[in-house]
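Contents: one structure, followed by commentary.
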Amino acid sequence: MSKKRVYSGIRATGRLHLGNYLGAVKGMLALQDTYDCVFAVVDSHTITVPYDPKTLRQSVREIILDYLAAGLDPKICHLEIQSQVPQHTELAYLLSTIYPVSRLEDLPTYKEKKAQYPKYVNMGLLFYPVLMAADIMLYKGELVPVGIDQEPHLEVAREIARKFNSMFGDTFPEPVRFKTPGEYVPSLAGTGKMSKSIEGSFINLTDDVETIKRRLASAPTDSGMTGGSLPKEGGVANLFKMLELFKSDDVYKKYEQDYREKKIRYSELKNDLAEVIFKELQPFQERRKEFENNPKMVDEILQESNVACRKEAEETMAEVRAKMGLA
């Protein structure tokens with residue numbers, strides 16, 4: 001391949017929110033013109049935590065529509081539905097035979113999910129990083145545009161690639177994370193990152209301006225009488241971080257000055273922030289409606305992309321099977 005390969009995927013847990021957009025999709029858009037890209041909806045990962053099988057297919061569809069509306073171009077990149085390329089799970093099983101269970105049990109992400117879903121601790125959850133490694137390695141991915149929280153999983157992928165190469169000959173590159181300015185989008189709840197699993201934490205890409213204002217209205221602040229330098233963490237810091245991420249320099253400077261002078265009105269800041277966010281999302285929402293109204297075109301895009309992905313995946317698997325003595 002003359003171009004570096006990029007692979008990234010998002011779980012099918014519903015429509016994308018600002019954290020997904022700024023942390024992952026923006027990185028995808030930055031890479032698709034220069035690199036050889038595969039962008040996926042990783043539905044096999046979705047089922048490792050509680051989910052509704054009746055809505056899973058629609059959740060997958062929603063993310064595909066979000067991808068297309070955001071500007072991912074199927075003429076220059078592939079859009080893949082993970083479960084429709086069975087080589088992902090085949091490669092994951094083969095890779096699992098060379099990687100220690102103890103290493104997976106020590107991962108912070110596994111421990112967090114065990115705590116979050118104590119009655120839903122399954123082998124798939126433990127296996128998640130191996131499948132993620134297989135996702136990337138199936139296409140010999142070198143760059144992965146994901147948030148900083150996925151770095152432990154990428155380290156697993158690098159370890160597996162090194163182990164496979166040392167055992168069976170040079171086959172896989174060691175993937176690295178492609179960083180984006182929005183790799184950590186703060187939660188509206190005041191602490192942590194924006195997450196679909198935390199109510200009151202996120203703004204959906206499909207929210208209208210009034211919904212955005214409503215969501216921001218509940219974001220925690222302070223009395224407005226603190227003054228001095230902006231705080232480094234907490235609800236107020238998060239609001240200013242959002243202004244920074246959306247390149248709203250004039251609005252940022254105005255409210256920064258108001259904060260210093262102890263005259264800030266958070267209701268006005270939140271309204272202005274909502275307008276700034278919606279201004280960027282409005283073109284996305286208009287494009288999304290065009291794709292929603294043309295399901296046949298979307299089906300054709302997916303069919304063509306998945307066929308191309310299966311063909312390339314099978315080439316990798318033929319090489320892997322031969323090197324492991326299975327063919």
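The values are calculated or read from the model by the stated rules, or taken from the named source; none is laboratory data. Predicted model only: the values in this text are computed from it and were never measured. A quick note on method: Cβ atoms are made from the backbone with ideal geometry, for glycine too, and the neighbour counts reach across all protein chains shown. Note: areas computed on protein heavy atoms with side chains; ligands, DNA, RNA excluded. Shrake-Rupley method; radii C 1.70, N 1.55, O 1.52, S 1.80 Å.
Checked against (1) at pLDDT below 90; (2) surrounded by 19 or more Cβ atoms within 10 Å (Cβ to Cβ); (3) in a helix (DSSP H, G or I), ASP149 passes all but condition (2).
Within segment 113-126, does at least one residue satisfy the condition of being of a type in the set (Val, Ile, Thr) and either modelled with pLDDT of 95 or more or in a helix (DSSP H, G or I) (or both)? No, segment 113-126 has no match at all. If you scan segment 247-264, which residues turn out to be surrounded by 13 or more Cβ atoms within 10 Å (Cβ to Cβ) and either under 17 Å from GLY235 (Cα atoms) or β-branched (Val, Ile, Thr) (or both)? Correct list: VAL251, TYR252, TYR255, GLU256, ASP258, TYR259, ARG260, ILE264.
Please tell me if TYR51 is over 27 Å from GLU315 (Cβ atoms), touching a residue at least 12 places away in the same chain (Cβ under 8 Å) and open to solvent by 20 Å² or more (accessible area, probe 1.4 Å). Against the criterion (over 27 Å from GLU315 (Cβ atoms), touching a residue at least 12 places away in the same chain (Cβ under 8 Å) and open to solvent by 20 Å² or more (accessible area, probe 1.4 Å)), TYR51 qualifies. From LYS111, LYS3, grab the single residue that is open to solvent by 40 Å² or more (accessible area, probe 1.4 Å), in contact (Cβ under 8 Å) with a residue 24 or more places away in the chain and not hydroxyl-bearing (Ser, Thr, Tyr). Just one listed residue meets the conditions, LYS3. Would you mind stating whether PHE202 is under 30 Å from GLU315 (Cβ atoms) and aromatic (Phe, Trp, Tyr)? For PHE202, the condition - under 30 Å from GLU315 (Cβ atoms) and aromatic (Phe, Trp, Tyr) - is not met. Of all residues in segment 218-235, those being open to solvent by less than 70 Å² (accessible area, probe 1.4 Å) and touching a Lys or Arg at 6+ places or on another chain (Cβ under 8 Å) number 4. Candidates in segment 164-192 are the residues that are within 16 Å of the chain's Cα centre (by Cα), under 17 Å from HIS17 (Cα atoms) and modelled with pLDDT of 85 or more; of these, the one that is surrounded by the fewest Cβ atoms within 10 Å (Cβ to Cβ) is SER187. Scanning segment 229-268 for residues that are under 23 Å from GLU183 (Cα atoms) and among the hydrophobic types (A, V, I, L, M, F, W, C) turns up LEU230, VAL236, ALA237, LEU239, PHE240, MET242, LEU243, LEU245, PHE246, VAL251.
Just a yes or no: is a residue in segment 41-56 within 14 Å of TYR139 (Cβ to Cβ) and in contact with a Phe, Trp or Tyr (Cβ under 8 Å, 6 or more places away or on another chain)?
The answer is no, given that none of the residues of segment 41-56 is within 14 Å of TYR139 (Cβ to Cβ) and in contact with a Phe, Trp or Tyr (Cβ under 8 Å, 6 or more places away or on another chain).
Taken over segment 54-94, the criterion of being assigned to a strand (DSSP E or B) and open to solvent by less than 30 Å² (accessible area, probe 1.4 Å) is satisfied by CYS77, LEU79, GLU80, ILE81. Of ASN204, ASN238, all but one fail to be under 13 Å from ALA274 (Cα atoms), open to solvent by less than 30 Å² (accessible area, probe 1.4 Å) and in contact with a strand residue (DSSP E or B) (Cβ under 6 Å, 6 or more places away or on another chain); the exception is ASN204.
So, restricting to helices (runs of 4 or more DSSP H) that lie completely within segment 182-278, which ones have at least 1 residues that are more than 30 Å from ALA12 (Cα to Cα)?
235-245, 249-260
Taking the conditions exactly as written (part of a loop (DSSP other than H, G, I, E, B) and within 18 Å of the chain's Cα centre (by Cα)), does THR48 satisfy them or not? Considered against the rule, which asks whether it is part of a loop (DSSP other than H, G, I, E, B) and within 18 Å of the chain's Cα centre (by Cα), THR48 comes out as yes. The set of residues from segment 139-164 being in contact (Cβ under 8 Å) with a residue 60 or more places away in the chain and either among the basic types (Lys, Arg) or closer than 27 Å to GLY192 by Cα (or both) comprises LYS140, LEU143, VAL144, PRO145, VAL146, GLY147, LYS163.
Can GLY14 be described as surrounded by fewer than 21 Cβ atoms within 10 Å (Cβ to Cβ), under 25 Å from SER201 (Cβ atoms) and in contact with a Lys or Arg (Cβ under 8 Å, 6 or more places away or on another chain)? Yes. The set of residues from segment 129-145 being modelled with pLDDT under 95 and in contact with a Ser or Thr (Cβ under 6 Å, 6 or more places away or on another chain) comprises VAL144, PRO145.
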